[in-house]
1. Exactly one condition in (1) assigned to a loop (DSSP other than H, G, I, E, B); (2) touching a Cys at 6+ places or on another chain (Cβ under 8 Å); (3) of a type in the set (D, E, K, R) is false for GLU244; which is it?
2. Can LEU115 be described as part of a loop (DSSP other than H, G, I, E, B), buried (at least 16 other Cβ atoms within 10 Å of the Cβ), of a type outside the set (Lys, Arg) and under 23 Å from the mean Cα position of the chain (by Cα)?
3. State the number of residues belonging to region 93-110 that are part of a helix (DSSP H, G or I) and open to solvent by 40 Å² or more (accessible area, probe 1.4 Å).
4. Kindly check whether there is at least one residue in region 127-141 that is of a type in the set (Asp, Glu), at pLDDT below 90 and within 30 Å of ASN48 (Cβ to Cβ).
5. Against the conditions (1) touching a Lys or Arg at 6+ places or on another chain (Cβ under 9 Å); (2) over 30 Å from ASP144 (Cβ atoms); (3) among the acidic types (Asp, Glu), where does GLU196 fall short? Just the number, please.
6. Can you run down the residue pairs with Cβ atoms below 8 Å, 6 or more apart or on separate chains, where the first is in region 205-232 and without any contact (Cβ under 8 Å) to a residue 12 or more places away in the chain and the partner is open to solvent by 50 Å² or more (accessible area, probe 1.4 Å)?
7. Considering every residue within region 144-161, establish whether at least one is closer than 30 Å to PRO26 by Cβ, at pLDDT 90 or above and surrounded by 14 or more Cβ atoms within 10 Å (Cβ to Cβ).
8. List every residue pair whose Cβ atoms lie under 6 Å apart, where the two residues are 6 or more positions apart in sequence or sit on different chains, the first residue falls within region 72-95 and is at pLDDT 95 or above, and the second residue, located anywhere, is open to solvent by less than 80 Å² (accessible area, probe 1.4 Å) and aromatic (Phe, Trp, Tyr).
Amino acid sequence: MSLRIVIGGVLVACAASTGCANVRCPAGTTCFENKRGRVSCKADCETNCGNIVPHRWRGLDDGSNCCNECTCRNGHMQCEEKACGDSCTDCSYDCTTKEIWSDKKKEWCCEHEMLGCPAVPLALGETCYQFCEDSSCDFIDKRDQCEKGECIAAPGIRFNSLSTCQLPAGATCYQFCEDGSCAPLSEGEHCTAGTECKSDGTIGFNSHHTCQKVLAAGEVCYQFCEDGSCDSFDKRNECEKGTECKSDGSIGFNSRHTCQAI
């Protein structure tokens with residue numbers, strides 16, 4: 001017997017019949033083989049409580065409609081219309097299963113078990129990842145929920161890990177447009193470690209600052225070698241807050257400054 005695979009009314013394949021064994025239907029549909037060996041992807045149905053059943057399923061509905069027998073026909077649930085009265089109860093769900101949940105199940109499990117709830121965006125500064133090897137804190141993994149910026153680890157090496165939503169280098173941290181062409185923004189305190197909120201150099205009525213990399217205390221901020229023995233550069237305005245670019249005390253034709261505490 002030959003196999004004819006139909007999706008959405010369109011013949012997509014024809015081969016020796018193996019039934020539905022090798023057919024992969026789109027999400028929300030289930031493979032169905034009729035008596036003639038014709039295979040097609042039929043739309044699933046939802047019960048009263050939002051449970052998913054395949055095409056040609058037949059049985060009692062659930063929840064407040066539990067006394068009525070229903071049949072799923074390609075996405076359309078056809079049910080008896082008897083009044084169930086008090087013989088049925090409201091919908092309830094097993095919130096530990098791993099199938100694709102219906103919207104009704106998500107709402108119920110979120111309300112009753114605090115599971116399946118929609119992800120709430122995290123503001124800048126909020127914890128997006130936390131893991132304590134010494135078990136001193138609850139495990140948190142919300143690395144994909146930062147509304148702005150990125151989930152960035154706190155500097156330093158430690159057994160316990162903590163990351164918060166921060167603005168990476170290059171991100172806008174301050175803006176003010178006198179002509180009203182942009183929304184005011186002031187988030188410089190959330191620039192990631194090693195950066196500071198500084199002007200991007202634009203001149204005019206509108207101001208725009210970004211998180212820019214800065215030099216930490218002890219890093220070289222100015223260097224000039226008259227004998228050509230080093231590359232010359234001038235980063236005297238890039239020292240982090242609380243430091244300034246000062247000579248390291250070397251004497252000679254070559255100059256070398258580092259960021260030092262004020």
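1. The number of the failed condition is (1).
2. Working: part of a loop (DSSP other than H, G, I, E, B): yes; buried (at least 16 other Cβ atoms within 10 Å of the Cβ): no; of a type outside the set (Lys, Arg): yes; under 23 Å from the mean Cα position of the chain (by Cα): yes.
No: the conditions fail for LEU115.
3. At the first step, the residues of region 93-110 found to be part of a helix (DSSP H, G or I) are 103-110.
Among the residues that remain, those that are also open to solvent by 40 Å² or more (accessible area, probe 1.4 Å) are: 103-104, 106-108.
So the count comes out to 5.
4. No, the conditions are met nowhere in region 127-141.
5. It fails just one condition, (2).
6. Listed by first residue and then by second, the contacts come to SER232/PHE224.
7. Yes: region 144-161 contains one or more residues that are closer than 30 Å to PRO26 by Cβ, at pLDDT 90 or above and surrounded by 14 or more Cβ atoms within 10 Å (Cβ to Cβ).
8. Pairs that qualify, where the first residue is at pLDDT 95 or above and the partner is open to solvent by less than 80 Å² (accessible area, probe 1.4 Å) and aromatic (Phe, Trp, Tyr), are CYS72/TRP57.
The values are calculated or read from the model by the stated rules, or taken from the named source; none is laboratory data. This one's a predicted model, so the numbers in the text were calculated from it and none came from an experiment. Ideal geometry is used to build each Cβ from the backbone, glycine not excepted, and the neighbour counts take in all protein chains shown. Just so you know, the surface numbers come from the protein's heavy atoms only, side chains and all, with ligands and any DNA or RNA stripped out. Shrake-Rupley method; radii C 1.70, N 1.55, O 1.52, S 1.80 Å.
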